[in-house]
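Before any comments, here is the structure.
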Amino acid sequence: MEELEITAKPGEQAIEEAERQLGMSRDQFEVAVMSEGKSGVFGIGGEEAVIRVKPLTPPEEDVVKVATDVLTKLLELMEVNGKVEVLSHEIPIALNIEGDDLGILIGRRGQTLASLDYIVKLIVAGQLKVWLPLSVDVAGYKKRRDESLQRLALNLAEQVESRHRAVTLEPMSAYERRIVHLTLADHPDVTTHSLGEGVNRQVVILLKQG
Amino acid sequence: MRELLEYIVKSIVAEPDKVSITEENSDAGLLIKLDVAPEDKGRVIGRQGRVAEAMRTLLRVKAAKDDTRVRLEIL
């Protein structure tokens with residue numbers, strides 16, 4: 001997060017103001033004093049204190065712990081039996097839920113999983129005041145879907161090369177389109193872009209010019 | 001149902017004390033009414049209703065477990 005400059009009356013008030021503006025307690029940000037300020041006589045001729053504050057990024061282990069707790073709590077409240085496992089302790093942090101009958105958490109085309117992922121991110125960000133890359137998966141669903149999209153992208157790229165004709169994929173979510181773009185980003189012979197608006201946005205794979 | 005919504009909402013608003021949730025049973029299932037502080041309204045609705053929609057989706061998981069239907073209204 002960015003640095004923030006706070007101006008307030010001399011004394012401790014600048015820190016209190018910083019706590020209020022950031023919604024954080026003193027131990028969650030760094031403070032650099034720019035100017036101590038001076039108190040004037042009867043409030044006249046004083047100088048305001050200026051400090052710069054910068055929120056501290058919580059250690060990754062804290063994020064892993066909070067995210068695991070939040071997800072476990074949500075499962076309990078939804079009465080879904082599942083065990084939360086940590087796939088990656090480093091950024092991007094990855095959690096996965098394992099258990100029986102978890103289809104209910106995935107939903108049609110992964111819609112429920114997308115909602116769960118979003119709510120966990122929101123709650124973690126709300127508690128830690130930072131937005132860190134974090135992903136929630138259910139029984140490896142996203143992983144399998146990502147892998148099959150990557151395979152599809154590579155197969156279609158081959159087709160575009162051999163037939164010298166562009167290929168347009170079916171409409172996909174921003175997340176899915178991103179996977180196709182990333183998979184082919186370093187491809188020597190084809191390039192990708194997106195066409196259309198909203199839910200109809202589609203990826204086109206075409207030969208590089210020249 | 002109430003506990004699930006309460007946990008999510010209180011975790012994302014600035015004023016958890018002003019969160020109020022009421023439940024009404026009808027033939028069409030459960031109707032949940034959510035009220036929050038005016039400045040928190042944006043947080044529980046989200047851009048293009050994204051947060052509200054995600055909360056509804058998770059409530060539906062619990063409703064399916066309870067074999068009922070649920071509607072969420074944000075006041």
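The values are calculated or read from the model by the stated rules, or taken from the named source; none is laboratory data. Bear in mind that the values here come from a model prediction, so they are computed numbers and not experimental data. Note: ideal-geometry Cβ built from the backbone for every residue, glycine included; neighbour counts use all protein chains shown. Ligands, DNA and RNA are excluded from the accessible area calculation, which covers all protein heavy atoms including side chains. Shrake-Rupley method; radii C 1.70, N 1.55, O 1.52, S 1.80 Å.
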| message | Relative contact order of segment A:143-207, please, whole-number percent, based on alpha carbon pairs below 8 angstrom and at least 6 residues apart. | response | 39
| Pairwise label distance in nanometres, residue A:90 with residue B:74, each label 7 Å out on the Cα-Cβ vector | 3.8
| Label-zone membership for segment A:54-73, site residue A:4, 7 angstrom Cα→C-beta point, backbone N under 20 Å | A:54-59
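Need one number: buried accessible surface between chains B and A, 1.4 Å probe, both sides summed, DNA, RNA and ligands left out, in Å² to 100. The partial results should precede the final answer.
Numbers: alone 5080 and 13360 Å², together 16770 Å².
Using a 1.4 Å probe on protein heavy atoms, the buried area is about 1700 Å².
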| What percent do you get for the relative contact order of chain A when only Cα pairs under 8 Å and 6+ apart count? | 13
| query | Nearest-5 percent of antiparallel DSSP beta bridges in segment A:52-188? | reply | 50
| note | So, with points 7 Å from each Cα along the Cβ direction, the residue A:181-residue A:16 label distance in nm works out to 4.7
| field | Residues in segment A:76-118 that, when all protein chains are in place, have 10 Å² or more less accessible area than the chain alone would give (probe 1.4 Å) | value | A:77, A:78, A:79, A:80, A:104, A:112, A:115, A:116, A:118
| remark: Taking placed amide H atoms and a strict 5 Å upper bound, the residues 5 or more places from residue A:138 or on another chain that come that close are A:97
| Roughly how many Å² is the accessible area per residue of the protein assembly as shown, as a whole number, for a 1.4 Å probe? | 59
| Where B:20, A:88 fall by accessible area, highest first, once all protein chains stay in place (1.4 Å) | B:20, A:88
| message | I need to check one value: relative contact order of chain B, counting alpha carbon pairs closer than 8 Å and at least 6 residues apart, in percent. | response | 34
| Solvent-accessible area, 1.4 Å probe, carbon plus sulfur percent, for segment A:143-207 | 50
| How big, on average over all directions, is the shadow cast by the Cα convex hull of chain A, in nm²? | 17.9
| query | About its Cα centre, how strong a charge dipole does the protein assembly as shown have in debye, to the nearest 20, once Lys and Arg get +1 and Asp and Glu get -1 at the Cβ? | reply | 1140
| Convex hull over the alpha-carbon atoms of segment A:49-157: what's its volume per residue in Å³? | 136
